[in-house]
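Working notes, structure below.
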There are 2 protein chains.
Amino acid sequence: MTAGFSLHPRLAADTIFVADWVLSRVVAMNDARYPWLILVPRRDGATEIFDLDAEDCRTMIEEIARASHGLKTLTAAVKINVGALGNLVPQLHVHIVARNPGDAAWPGPVWGQGMAQAYRPDALDAFVRQLVNAL
Amino acid sequence: MTAGFSLHPRLAADTIFVADWVLSRVVAMNDARYPWLILVPRRDGATEIFDLDAEDCRTMIEEIARASHGLKTLTAAVKINVGALGNLVPQLHVHIVARNPGDAAWPGPVWGQGMAQAYRPDALDAFVRQLVNAL
């Protein structure tokens, strides 16, 4: 099922590679407004969580918990938001976003809140290095 | 851990009881704009998915998949949105929302999109009966 896996072009354009875990490719959104990971299960054709088999579902929630806990520890955020929407990008992907009062969308959701604010290249490199160590 | 469980007052005010599953209380949002379930793990003090232990995590993803599949089958929605935000209501809860092009928030998220539109009482009863059969 991993054979032929590739990120949806929209995800590829908006993110940078962090790691490949057992099930998911882990990428970071290039949006400096929020520390933001996306987990993309490497399963062709999956669009809903129930498209994953039972074993992959268990791995999915372990990876959601791992990414959430790591991002919370790294950023000391007040809240982690988790979301699997897919209204625009059908490839199954799970957002893990560190949130704090006063951030650009608080207390609303981050999705659909205007244009991403790209990191400076050096800041993006530093963020990804921190993620690789923290997750 | 179930002892003393009670829904957060905001969730209690906005929803109606559907079922108690192994881990989660299943409630339906009283918002006729979207078919919308919320799963609330009956674990006092949990605010993040990683607050659940490994067994509860496995049950959580099974219940997310079950609710998502049931709601998709019942409504024939184009997409199921899943979200655990908690910026306003700290009690851990997972939204499962049936989405279609042209709905009140499409393609954006449903959260933070104005006031809920309550069902008429008979329509709410009918929706809950359908859910009990479909899930």
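Some values worked out for this structure:
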quantity: At 7 Å out from Cα toward Cβ: residue B:100 inter-copy label distances (nm, ascending); calculated: 4.2
quantity: Solvent-accessible area buried by B and A, counting both chains, probe 1.4 angstrom, square angstrom; calculated: 2600 Å²
quantity: Extension gain, residue B:51 back to residue B:123 (0.36 nm per residue minus Cα-Cα distance, nm); calculated: 22.3 nm
quantity: Label spacing, shortest first and in nm, from residue B:74 to its equivalents in the remaining copies (7 angstrom along Cα→Cβ); calculated: 3.8
quantity: Area accessible to solvent at residue B:11, 1.4 Å probe radius, in Å²; calculated: 10 Å²
quantity: Computed label-point distance, nm, for sites residue A:19 and residue B:76 using a 7 Å Cα→Cβ extension; calculated: 4.4 nm
quantity: Mean projected area (nm²) of the alpha-carbon convex hull when region B:43-82 is viewed from all directions; calculated: 3.2 nm²
quantity: Nearest 10 degrees, 0 to 90: helix A:54-75 Cα axis against chain A principal axis; calculated: 10 degrees
quantity: Solvent-accessible area of residue B:16 with every protein chain in place, 1.4 Å probe, in Å² to the nearest 10; calculated: 50 Å²
quantity: Summed residue charge, Cβ within 14 Å of residue A:127's Cβ, Lys/Arg positive, Asp/Glu negative; calculated: 0
quantity: Per residue accessible area in Å² of region A:9-129, where ligands, DNA and RNA are left out and the probe is 1.4 Å; calculated: 42 Å²
quantity: Rg(Cα)/(2.2 N^0.38 Å) for region A:9-129, N = residue count; calculated: 1.02
quantity: List of region A:36-55 residues, accessible area with partners at least 50 Å² below that of the chain alone (1.4 Å probe); calculated: A:48, A:49, A:50
quantity: Amide hydrogen neighbours beyond the local backbone of residue A:78, cut-off 5 Å, H modeled; calculated: A:99
quantity: Rounded percent of accessible protein surface that carbon and sulfur make up, chain B, 1.4 Å probe; calculated: 54 percent
quantity: Percent of C-alpha pairs per 10 Å bin, the protein assembly as shown, short to long; calculated: 7, 31, 38, 20, 4, 0
quantity: Acute angle (nearest 10 degrees) that the helix B:121-134 long axis makes with the longest principal axis of chain B, alpha-carbon atoms; calculated: 60 degrees
quantity: Shortest-first distances to equivalent copies, position residue B:4, nm, label 7 Å out along Cβ; calculated: 5.3
quantity: Mean Cα-pair separation over length for region A:9-129, i.e. relative contact order, pairs under 8 Å, 6 or more apart, %; calculated: 27 percent
quantity: Buried on assembly, region A:67-100 (at least 50 Å² less accessible surface than by itself, 1.4 Å probe); calculated: A:79, A:82, A:85, A:87
quantity: Cα centroid of region A:85-99 to Cα centroid of region B:77-135, whole Å; calculated: 17 Å
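The values are calculated or read from the model by the stated rules, or taken from the named source; none is laboratory data. From a predicted model like this one, the values you see are computed outputs, not experimental measurements. As a convention, Cβ positions derive from the backbone with ideal geometry for all residues, glycine included, and neighbour counts pool all protein chains shown. Heavy atoms of the whole protein, side chains included, go into the accessibility calculation; ligands, DNA and RNA do not. Shrake-Rupley method; radii C 1.70, N 1.55, O 1.52, S 1.80 Å.
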